[in-house]
Amino acid sequence: MLAPHIKKKVDELWNRFWAAGLTNPLVAVEQITYLLFLKRLEDIDLKRQQRGFPSIYAGSESCKWSYIRQEKTNPSHLIDVVFPWLRELDKHFSTASADGTELASLNNRMADAYFQLDPNKGKVLSDAIDAIDQLFARAGEGNSAQDIMGDTFEYLLSEVATAGKNGQFRTPRHLIRFMVELLDPEPGQRVIDPAAGTGGFLFSTQQYLMRKYSAQENVVLEWDGTPHRTDGAAATPEQYSAIHNGANFVGLDNDRTMARIGWMNLVLHDVTDPHLLQGDSLSKREGKGQLKQLLESETYDFVLANPPFTGTVDSGDLEPDSLLFPRVGGGGKKKDESITNKSELLFLWLMLDLLRVGGRCAVIIPEGVLFGNTDAHARLRRELLTEHVVEGVISLPGGVFQPYTGVKTSVLVFRKETRRDDRPTFTGGVAPRTEHVWFYEVEEDGYSKDAKRNARPAQQNDLWDALEKFRAWIADGRAGAQRNEKTLLQPRFRAERWRQALLRDTADQLTPAGKAFAGLPDTSMWDGQVWGIHELFPGLPADPKTAEEGVRSAAAATLLKLAIQALMPPAQKVWEETLQARVVGKITDAELLAAWKRAAKPAEAEFKKLARERESFFEKEDSPALSIWKDLLKTVLSEAQADPHVLGILKSNQPPKALTADDIGQKLSDVARDVAKLDGFDVTLRSLAVDQATKLSTAKHWVVPVRDWARNDDWRGEDGTLVGSHDADGLVRHAYVQAMLSEGLYDDKGTLKDGLLDPDCIEAREWNLSAGQYKPFDFAQLKSERSVAELIGELKTTEQEIIKGLDKLLAMVEGRE
């Protein structure tokens, strides 16, 4: 999580480019990303030189970020010098010297990189370069700088996704993390996103692997699942290398600008040689060697994607492989054409083709895919259910893609079971590979359901419950699905206050006497990472409110004594000057107080001055501790000068005496340091375990059979004996199934015969996979004093009366009555 001051600077950076005329969101993001990449590039080059490779800046030192800073008011330097060099970056190193670095997959992708800021906007460029330097000034080098750079880029993309900035290309990251966890990948397994956008699924997969193979006692999760302090310590060297190997993270996007942004996003997230390229995943591959190689059939372990909704594809440009995209068939003129040109269906067929047998996919799809009644819709669902295994359908709330679309969506999870060359012709004669489908209805995803999509930390989030129950379903089938059926599982939440450790590690923020911040642990552990204030200051509790209360209470007591000490000299003076008048009763209380206030003003002003000088101990921006400090001073000065208190002192028979005799300046410094420990920003964290259970009135998930045989009590076996289709335990007889299959479930036109299958099973409903179709009816919602059995009996009686009436009507029509 980025600190508020960093978010503020990202906002300012965005607004500066926006105000400068770059109002196209993608263009603005791209221009900012270029600057981030140029800063990162100098670090990459230093690492290359440490490995013995020549510098990519040889003869072009003016293209280094350190030189660009010197020309920060001169956009022409970037336009005329740096970007021409950047467009030919591939020429500055050999393939061999790029191996194992982020540059290995550069692949001429900067050939059309142009800096589009108006040459007259020198102040905008200067502000942008200053902002970028300030963003990372505290991070130093190493992992913390890398993390902040990646997080900064992600925050920038999230800002673009807000209303008015056209962010439809960005999938909400909490949904991406959820989908990655559903698949639970391992290091070295290859994942592809054929509609990659900014690369969210790819780097989130890497983040998950780092979290999974980190020392679990160190891992920290934000309320929405964002991982922190992932170290990869539990991974072997081979696993760690695989986690960072870009060849395992493949993405394609049709938009070149988007692909470049996505590639730079992965680079900024420390993925080495990311394979995110520009290319149309659905188009013809002839003459496109690299595209053909990346889209080779059955070469990926996982597919994670959120492909374009409700788009259409030019059939003439579609890849003609009939094993990839099914054809219309039959004997008409269009028999060789693709069965559909709808992008959401074509992408699903592509994903099936990309997966190796046993590979799995989690994909966000519009609801129409689950119940659409075109031949293509039904054929796709039938293929998924009969030739492969649909593991789950997770229905998402209608507003998850607000504010730019209200399309209702679901997450579809399936496993490939049949090789593309072994696809059978469907006749219904073989049982579907998917026996049951697990459905889950997400009602709350941690964000408000309106267009603002405000975060709702520490409140109900069904995604955690869905994840745990999906794992139980995958592990133990229907038995696993029955566990916790009426229980909502959630993690525990806690609040902490975080701060960047280097916040106090600069001499200009320390007192001349200190040169170290009192109470901090050994600064050799600091690397710019974010830590909890209770970790930096072991005496503080983790809960911010408790920490504030304790520090405030202790500071208030000390400050009050110091304020009284500061005000005692004028009080003594007034006591002496008014002694005679008080003895003879010639001074009123009001006059006594007025004399006191006149005398106290210089001392009060000096005390406030000393207190203001201690504000250097506090964070300069967004400082919660500074507000507490100012409030404490105001309160203690008010208490020290309270009328009853002062009058009691001045009327005493003894001269006023201070409660303490401290060096006020030094003591104020000590207290200010203690209060400044409260600086930071509050976060809501969740536990690693999801083990907090609460009761549910109705289940949020259910399991539905794909093929379920209707009961036929009149069926006779081969010997003519009346045995019925099902045994005493309600299980269908094998002999009955074989007999029905030999006769055929479907007629010559491919229509399911009536009466053979239970009308509530998936196959009987034209392979419909919409969760709402199968949601169990909740009898508890029937508000009636009568029992369910009585209501069913009444319905049965009514049905019989209707049948009698229909029989009578039929007899009248036939002239029998």
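Remarks
Residue by residue, here is whether (1) under 26 Å from Asn341 (Cβ atoms); (2) at pLDDT below 95; (3) of a type outside the set (A, V, I, L, M); (4) assigned to a loop (DSSP other than H, G, I, E, B) holds:
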{"site": "Leu202", "(1), (2), (3), (4)": "no, no, no, no"}
{"site": "Leu209", "(1), (2), (3), (4)": "no, no, no, no"}
{"site": "Asn218", "(1), (2), (3), (4)": "no, yes, yes, yes"}
{"site": "Asp231", "(1), (2), (3), (4)": "no, yes, yes, yes"}
{"site": "Asn265", "(1), (2), (3), (4)": "no, yes, yes, no"}
{"site": "Asp270", "(1), (2), (3), (4)": "no, yes, yes, yes"}
{"site": "Asp280", "(1), (2), (3), (4)": "yes, yes, yes, yes"}
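- Of the criteria (1) modelled with pLDDT of 95 or more; (2) within 21 Å of Ala259 (Cβ to Cβ); (3) part of a loop (DSSP other than H, G, I, E, B), which one Gln168 fails: (1)
- Number of the exception - Glu71 against (1) at pLDDT 90 or above; (2) crowded, with 17+ Cβ neighbours inside 10 Å; (3) within 25 Å of Tyr155 (Cβ to Cβ); (4) among the charged types (D, E, K, R): (3)
- Residues that are at pLDDT 95 or above and in contact with a helix residue (DSSP H, G or I) (Cβ under 7 Å, 6 or more places away or on another chain) within the range 389-401 comprise Val390, Glu391, Gly392, Val393, Ile394, Ser395, listed in sequence order.
- Of all residues assigned to the range 37-53, at least one qualifies as being hydrophobic (A, V, I, L, M, F, W, C), modelled with pLDDT of 90 or more and either closer than 20 Å to Gly262 by Cβ or surrounded by fewer than 20 Cβ atoms within 10 Å (Cβ to Cβ) (or both).
- Candidates Ile6, Ile32 - the one that is surrounded by 15 or more Cβ atoms within 10 Å (Cβ to Cβ), in a helix (DSSP H, G or I), modelled with pLDDT under 80 and within 35 Å of the chain's Cα centre (by Cα): Ile6
- Any hit, the range 758-776, residues being in a strand (DSSP E or B), at pLDDT 95 or above and not charged (D, E, K, R): no
Listed here are the residues, each with its yes/no results for (1) assigned to a loop (DSSP other than H, G, I, E, B); (2) in contact with a Pro (Cβ under 9 Å, 6 or more places away or on another chain); (3) acidic (Asp, Glu); (4) modelled with pLDDT of 95 or more.
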position	(1), (2), (3), (4)
Thr386	no, yes, no, yes
Thr405	yes, no, no, no
Phe426	yes, no, no, no
Leu463	no, no, no, yes
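- For first residues located in the range 400-418 and within 17 Å of Val437 (Cα to Cα), partners that are surrounded by fewer than 18 Cβ atoms within 10 Å (Cβ to Cβ) and at pLDDT 85 or above and lie 6+ apart or on another chain with Cβ distances below 6 Å form the pairs Lys416/Val357; Glu417/Arg433.
- Among the residues listed as Leu354, Leu345, the single one being within 18 Å of Asp422 (Cβ to Cβ), modelled with pLDDT of 90 or more and not basic (Lys, Arg): Leu354
- Scan the range 412-449 for residues that are among the β-branched types (Val, Ile, Thr), more than 24 Å from Ala771 (Cβ to Cβ) and surrounded by 15 or more Cβ atoms within 10 Å (Cβ to Cβ) and the total you get is 1.
- Cβ-Cβ under 7 Å pairs, at least 6 apart or on other chains, the range 590-615 side under 13 Å from Thr578 (Cα atoms), far side part of a helix (DSSP H, G or I) and of a type in the set (Val, Ile, Thr): Leu593/Val646; Ala595/Val574; Trp596/Val574; Trp596/Val646; Ala599/Val574
- Evaluation of Asp353 against (1) in a helix (DSSP H, G or I); (2) surrounded by fewer than 17 Cβ atoms within 10 Å (Cβ to Cβ) (one fails), failing number: (2)
The values are calculated or read from the model by the stated rules, or taken from the named source; none is laboratory data. Since we're looking at a predicted model, the values are computed, not measured. Neighbour counts are summed over all protein chains in view; Cβ atoms, including those assigned to glycine, are modelled from backbone coordinates with ideal geometry.
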